[in-house]
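Heads up: the structure comes next, in structure tokens.
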Amino acid sequence: MRSADNKLLVVGFRTGRMGNRLVLFANVIGFAAEHGYRVVNVAFHSYAHLFVNTRRDIYCRYPVARPRSLFDVIPGVAPAIRKTRIFYQFIRRASEWNDRFPILGKSVFTLREIPGQTIFLDTPEVQSRMADAKVVFVHGWRIRAPESVRRHADLIREYFRPIAEYEQAARQAVERLRQKADVVVGVHIRLGDNWKWKGGQCYFPVSRYVTWMHELAEQFPDNKVAFLVCSDEPRHEQEFPGLAVGFGPDSPVGDLYALAQCDCIFGPISTYSQWASFYGNKPLLNLYLSDDRVERGKFSVSYLEEIP
């Protein structure tokens, strides 16, 4: 659908690491695709070089822009801009100042998150608030467009295709397991910062993951099951007795896209595993507590709505 006003959505807030930024960016793109809007997201600069459609565009635009900007053509300029974060700092400040002092009237609007509340872009209420604006700063983390993401899932997946180096490494990691298994399950083991998040509620020792893996393998009685383990710390086969395991390519984006190629995925609730589920269109089970059970019937594809 092409909008008559050709609105520009500018992401004005950077949050978390790769999983968070992918999820927010994807929700904004889904909404833009639904209404024929454009998107600029320089808050994605830290990870732009990892993806085919953002590595050569200093503005990280949707739809993909042709031709390239002058900043991208002159050697060394784009990397310097990304490193200094000067574009992002300018846009963030502009977003904040416009929210406080809307001197440009209705033509520029800041859609700013209210702490503790989720803004759903798909709702008529939110759309009416930005109806007269030509430029909308999207400022916050809890901003979602679940219906638009569902309708434009394939378009979003295509936009976020990783560069060949990581795509190939992810594919090879899973193919090695498929040579000896009928079912490959992705396991996201997150330990590094989970001990302090939500009071350690989602911090599970490796031994707990091993128990879950055995529980799930027993639910495939007629299949050989292998597990692709992706962790934020080095892991060894000896930690997974009695299980067929392999490991991801050992890079954040390689592991992420390897998980996306598994038949199903489980791990503590995280935007990282949500993205793997969404991109690969594979069912996911989020774990919240140590006594949760891993059951095949509880898995479902993520459409990037749930907020950890």
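Coordinate-derived values only; no laboratory data. Please read all numbers here as calculations on a predicted model, not as lab measurements. Ideal geometry is used to build each Cβ from the backbone, glycine not excepted, and the neighbour counts take in all protein chains shown.
How high is the FRET efficiency from Glu295 to Arg129, r the C-beta distance, R0 35 Å, rounded to 0.05?
Efficiency, rounded to the nearest 0.05: 0.25.
For the chain: lysine pairs with Cα atoms under 28 Å, gap of 8 or more or different chains, count?
So the count of such lysine pairs works out to 12.
Pull out the extension gain between Ala164 and Arg208, defined as 0.36 nm times the separation in residues minus the alpha carbon to alpha carbon distance; nm, one decimal.
Numbers: separation 44, 0.36 × 44 = 15.84 nm, distance 3.45 nm.
Contour length minus the Cα-Cα distance gives 12.4 nm.
Give the calculated FRET efficiency between Glu113 and Arg178 to the nearest 0.05, with a Förster radius of 41 Å applied to their Cβ-Cβ distance.
Computed FRET efficiency for Glu113 and Arg178: 0.45.
Given the options Gly76, Ala276, Ala226, identify the residue whose Cα lies farthest towards the positive end of the charge dipole of the chain (+1 on Cβ of Lys, Arg; -1 on Cβ of Asp, Glu).
Gly76
How big is the range 26-99 on each of its three principal axes, counting only the C-alpha atoms and giving the largest first in Å?
Computed over the range 26-99, the largest-to-smallest principal extents equal 35, 30, 20 Å.
What does the charge dipole of the chain about its Cα centre add up to, to the nearest 20 debye, if the Cβ of each Lys and Arg holds +1 and the Cβ of each Asp and Glu holds -1? Numbers along the way, then the final one.
Details: 41 positive and 33 negative charges, 263 e Å.
Dipole size: approximately 1260 debye.
Per q in 0.07, 0.10, 0.13, 0.14 1/Å, what log10 I(q)/I(0) does a Debye calculation on the alpha-carbon atoms of the chain return?
Debye output, listed in q order: -0.30, -0.59, -0.95, -1.07.
Quote the charge dipole size of the range 8-159 about the Cα centre in Debye, to the nearest 20; the model charges only the Cβ of Lys and Arg (+1) and of Asp and Glu (-1).
The calculated dipole for the range 8-159 is roughly 520 debye.
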